[in-house]
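The values are calculated or read from the model by the stated rules, or taken from the named source; none is laboratory data. Quantities reported herein were computed from a predicted structural model and do not represent experimental measurements. In this analysis, Cβ positions are derived from the backbone assuming ideal geometry, glycine residues included, and neighbour counts consider all displayed protein chains. Accessible surface areas use protein heavy atoms only, side chains included; no ligands, DNA or RNA. Shrake-Rupley method; radii C 1.70, N 1.55, O 1.52, S 1.80 Å.
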Number of protein chains: 2
Amino acid sequence: MKKNSLTLLAGIMFLLAVVSAKAQSSLPPSIKKGTIKVTILYPNGEGKKFDMEYYTQKHFPMLRSLFGSALKATAIDKGLTAGSPGTPLPFLAIGYLYFDSAAAFQDGMKTYATKIRADVPNYTNITPIIQISEVVE
Amino acid sequence: MKKNSLTLLAGIMFLLAVVSAKAQSSLPPSIKKGTIKVTILYPNGEGKKFDMEYYTQKHFPMLRSLFGSALKATAIDKGLTAGSPGTPLPFLAIGYLYFDSAAAFQDGMKTYATKIRADVPNYTNITPIIQISEVVE
């Protein structure tokens with residue numbers, strides 16, 4: 001019984017060490033080097049509008065629901081200022097979608113692009129820049 | 001002794017639950033809503049060059065060393081393709097620096113900007129777009 005407890009304890013501590021080691025990474029826990037990151041940038045400009053509440057409360061939940069388990073993680077940034085004083089803010093918002101492969105995103109878009117694009121005018125009048133990147137670190 | 005073991009076990013399992021709960025978030029573990037994210041984008045274009053090995057092996061380690069504990073996390077993306085077929089790749093690379101406040105970044109830049117800028121020609125001929133964002137989710 002005592003031996004069993006020690007084995008259990010050792011197992012739990014090993015698991016804890018693994019989980020903690022993961023937590024040291026600056027990447028989201030579900031994101032590994034090589035993960036595909038779809039970045040959606042909304043350039044700033046005169047007359048440009050972006051409804052962050054709709055984007056976070058309606059658009060992203062819709063994306064999660066459409067892509068399902070293929071979508072590994074998401075993130076949203078709200079633009080504050082340019083890095084250099086006196087320069088206009090480059091992007092009003094940036095959204096991120098993480099997938100295991102570019103195909104996982106592209107296959108989903110074949111099916112859902114029309115539905116996704118139809119929702120865009122509900123939160124912005126900006127044509128976004130979309131980039132597919134690989135997470136390097 | 002048996003009671004002590006059980007208490008220890010309960011403590012470890014609680015800790016494991018806390019760490020695991022954190023791991024469910026799609027944000028890096030050290031990043032909370034409201035964290036400041038400095039995004040450095042390197043636009044693609046004819047004749048543009050970017051040395052990813054230097055960026056990951058030399059430039060980012062230098063940034064971590066200069067900003068020290070003010071820099072909460074970092075991430076690097078390598079641009080693969082545009083989101084729409086037939087469109088040129090928007091950015092060759094995107095770097096991310098996470099801080100607790102915009103002042104933490106700006107104060108560091110007051111001291112280190114000259115040194116950081118002097119290193120840029122070692123890995124690229126691109127003038128980056130720099131944006132300060134707030135992590136919304």
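Calculate the mean, over all residues of peptide A:124-135, of how many other protein chain Cβ atoms lie within 10 angstrom of the residue's Cβ. Can you show the working numbers first?
Numbers: counts 0, 0, 0, 0, 1, 7, 6, 13, 8, 12, 5, 4.
Counting other chains' Cβ atoms within 10 Å and averaging over A:124-135 gives 5.
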Long-range amide H partners of B:Phe91, meaning residues 5 or more apart or on another chain whose placed amide H is closer than 5 Å, are B:Asn44
With the label set 7 Å along Cα→Cβ, B:Asp51 is separated from its counterparts in the other copies, in nm and shortest first, by 4.9
Among B:Lys58/B:Lys110; A:Lys72/B:Lys110; A:Lys49/B:Lys32; A:Lys78/B:Lys110; A:Lys110/B:Lys72; A:Lys37/B:Lys48, the pairs whose Cα-Cα distance exceeds 32 Å are A:Lys72/B:Lys110; A:Lys110/B:Lys72
For region A:28-134, using Cα atoms only, the Rg and Dmax in Å read 14.3, 43
Sorting A:Glu46, A:Glu134 on solvent-accessible surface, 1.4 Å probe, most exposed first, gives A:Glu46, A:Glu134
With the label set 7 Å along Cα→Cβ, B:Arg64 is separated from its counterparts in the other copies, in nm and shortest first, by 3.0
Here the correct list, in nm and shortest first, of distances from A:Ser101 to the same site in the other copies, label points 7 Å along Cα→Cβ, is 4.7
The distance between the Cα centres of region A:71-137 and region B:32-103, in whole Å, is 16
Computed ³J(HN,Hα) along region B:120-137: with the Karplus parameters 6.51/-1.76/1.60, θ = phi - 60°, integer Hz and x for glycine or proline, the list is 4, x, 6, 10, 7, 10, 9, 8, x, 8, 10, 10, 9, 10, 10, 6, 8, 7
